[in-house]
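The values are calculated or read from the model by the stated rules, or taken from the named source; none is laboratory data. Nothing here was measured: the structure is a model prediction, and the numbers come from that model. Positions of Cβ are backbone-derived with ideal geometry, glycine not excepted, and every protein chain shown enters the neighbour counts. Surface areas here come from the heavy atoms of the whole protein model, side chains and all, with no ligands, DNA or RNA. Shrake-Rupley method; radii C 1.70, N 1.55, O 1.52, S 1.80 Å.
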Amino acid sequence: MIQFILNNKTIKTSQNSGMTLLDFVRYEQSLTGTKIGCREGDCGACTVLVGTLKNNEHIEYQSITSCISPLGNAHGKHIVTVEGTNLQDKLTTAQEAMKANYATQCGFCTPGFVVSLTGFALSNSEKNHNNALNAISGNICRCTGYKAIEKAAYQVVEKLQDQKTDNSFNWLIKNEFIPDYFKSIPKRLKDLDVKNIQQPKGKYVSGGTDLYVQQADNLVDNSVHLIAEKDYLKEITFNNNICTIGSNSTVSDLWNNTELNAKLPNLRKYLKLVSSEQIRNMASFGGNLVNASPIADMAIFFLALNSKITITNVEEEKERIISLKNFYQGYKTYDLKEGELIKNITFKLPTDQTFFNFEKVCKRTHLDIASVNSAIQISLANNIISTAHISIGGVSAIPKYLHKTSSFLAGKTLTSKTIIEANDILQEEISPISDVRGTSDYKRLLGRQLFFAHFIELFPKQFTLKDFVQHA
């Protein structure tokens, strides 16, 4: 029995846990404010909020796209649709901002924007314009024009300037961001019987952001084994300069991790290239790795960090550790046996002499599938490259670790001549094909340009574009 609170109503349902949350709220609960748009997590029309009880006392809310979220992941949570944000006799602050700035036309996308802005008000993020725009980055509008919507977001930010950090629910209720029933939710969640549901045997599903794009109809009708709430697959820990990331950790978990952001100062810049806030709140790293897409952003990211993965077989209580660069065996195939899961990802944290960069080219600047993506980690001692780890996606059947190029760079002096020679080896290692994201020649060009871009970005005092212009 799946139990959760939907807006102000306690839900107990025996529906298949693989059913999408979107279909449940629309067809089983008649809450049709949550719209059906792309069914791929791209448009944001189906955005809802998920409130999770933390430390048995306070609730953290995040926005997600309900079209690719399994119903079973709502177990023990507070789910808020646009109807659940409504006040009884007036518009909420987010709704009023959309109205006052003429930020709605046909209205189809409006509920998603309202829910995302409400989630921003409920979030722990700093209340500034940039974070407000991040909050609605996964919401698409096709008729109003984004400037009006941006103005609405800025109006919400201005209203939040006086918010006190403590007792925020009361402040948000008083200032008409949320209805007053929100105060009762922490206690009501505590009172739910949320012992782990007996999971059937079936396809492992965590966030569902990839599987539900590809296989939603099949997953709805068949048993799924949900693992998003498995504690042993969570947490980000640091020990002896080693970072360990549980495979159920999300992109948002990295985004919000203070220690990792200190070690990788451009981390949020990289992660913003990957996906919208709604997807960052859902997508698990384990899922991204086993998706095995040749252009999987986080696979490319972790390959360049020379990561290792721990693979566990829960039933047999066995574990093994392998290098991520040895995990991929062919297109959509990898070293994972029946009953096995990726438990965690580990890598050495960068030092003062270690440099990391991630680059990506796609049709849109953000939130798009890469044509080619690449990452590098390079360590220096007196301008001599001691180690290099380079990865590239979109140019092979797998997320590609460049063994030969990385080996060539080790021990070389960091000069433009060395980099140009390394690019010749890179071109021999890759084997792009022509597809909808570009021709083979185009991808080779992108691979070269991203390789050069790593060094221009990491060592701006040493290299500029003109150092490589004859090869551009």
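Observations on the structure shown:
- Cα-projected label distance for Asn266 with Ala381, points at 7 Å along beta-carbon direction, nm: 2.5
- Placing dummy labels 7 Å off each Cα toward the beta-carbon, the span from Lys412 to Gln163 is 5.0 nm.
- Peptides 456-467, 276-287 ordered by average Cβ neighbours within 10 Å, highest first: 276-287, 456-467
- Between helix 416-429 and the chain: long-axis angle, C-alpha atoms, 0 to 90°, nearest 10: 70
- In this structure His225 has an accessible area near 40 Å², from a 1.4 Å probe over the protein heavy atoms.
- A DSSP coil position with no more than 16 other Cβ atoms inside 10 Å describes the following GluC sites (Glu not before Pro) in region 287-384: Glu315, Glu316, Glu317, Glu338.
- Per residue, region 216-272 exposes 51 Å² of solvent-accessible protein surface, assessed with a 1.4 angstrom probe and all protein chains in place.
- Using equal-weight Cα scatterers in the Debye expression, the normalised intensity of the chain in log10 at q = 0.06, 0.07, 0.13 Å⁻¹ is -0.28, -0.39, -1.23.
- Calculated FRET efficiency, Arg364 to Asn326, Cβ-Cβ distance, R0 = 51 Å: about 0.95 to the nearest 0.05.
- Greater than 21 Å apart at Cα, pairs in Lys203/Lys363; Lys9/Lys203; Lys35/Lys99; Lys9/Lys77; Lys151/Lys269: Lys203/Lys363; Lys9/Lys203; Lys151/Lys269
- Distance between region 244-270 and region 411-427 - C-alpha centres, whole angstrom: 30
- Zone residues, region 177-191, relative to Glu96, backbone N less than 16 Å from point 7 Å out along Cα-to-Cβ: 177-180
- Shown in residue order for region 359-375 are the 3J(HN,Hα) couplings computed by the Karplus curve 6.51 cos²θ - 1.76 cosθ + 1.60 at θ = phi - 60°: 10, 8, 10, 8, 5, 9, 5, 10, 6, 10, 6, 5, 7, 9, 10, 7, 9 Hz (x for Gly and Pro).
- Among the trypsin sites (Lys or Arg not before Pro) in region 64-124, those placed in a DSSP loop whose Cβ has at most 14 other Cβ atoms within 10 Å are Lys90.
- Rounded to whole Hz, the Karplus (6.51, -1.76, 1.60) HN-Hα couplings of region 286-296, x for glycine and proline: x, x, 5, 5, 7, 4, 6, 5, x, 10, 4
- Per the Debye calculation on region 104-149 with a single equal scatterer at every Cα and no solvent contribution, log₁₀ I(q)/I(0) for q = 0.21, 0.25, 0.26 Å⁻¹ amounts to -0.68, -0.90, -0.95.
- Based on the Kirkwood approach, the hydrodynamic radius assigned to region 306-387 is 15.7 Å, with every pair of different Cα atoms included.
- Solvent-accessible surface of region 276-337, averaged per residue with a 1.4 angstrom probe and all protein chains in place: 40 square angstrom.
- Other-chain or far-sequence residues with amide H under 5 Å of Tyr334's (modelled H): Gln329
- Fraction of the pair-distance distribution of region 264-402 above 22 Å, Cα-Cα pairs, percent: 40
- Spacing of the two label points (7 Å from each Cα toward its C-beta) at Lys151 and Thr32, in nm: 3.2
- At most 11 other Cβ within 10 Å, DSSP loop - GluC sites (Glu not before Pro), region 35-78: Glu57
- Whole-number D in µm² s⁻¹ for region 372-472, Kirkwood Cα-pair radius fed into Stokes-Einstein, 25 °C, 0.890 mPa s: 179
- Lysines with Cα under 23 Å of Lys412, excluding same-chain neighbours fewer than 8 positions away: Lys325, Lys348, Lys400, Lys404, Lys461, Lys466
- Spatially, region 68-108 and region 207-232 are offset by 25 Å when compared through their Cα centroids.
- Kirkwood hydrodynamic radius (C-alpha pairs) into Stokes-Einstein, region 240-325, 10 °C and 1.306 mPa s, D in µm²/s: 115
- With N counted as the residues of region 17-84, its alpha-carbon radius of gyration over 2.2 N^0.38 Å works out to 1.07.
- Simple Cβ-charge dipole of the chain, Lys/Arg +1 and Asp/Glu -1, about Cα centre, in debye nearest 20: 520
- Protein accessible area in region 120-262, 1.4 Å probe - carbon and sulfur %: 45
- Derived scalar couplings ³J(HN,Hα) [region 92-100; Karplus, 6.51 cos²θ - 1.76 cosθ + 1.60; whole Hz; x for Gly, Pro]: 6, 4, 5, 5, 5, 5, 5, 5, 5
- Accessible area in the full protein assembly, largest first, 1.4 Å probe, for Asp180, Asp23: Asp180, Asp23
- Portion, in percent, of the accessible area of region 326-460 that falls on carbon or sulfur, probe 1.4 Å: 52
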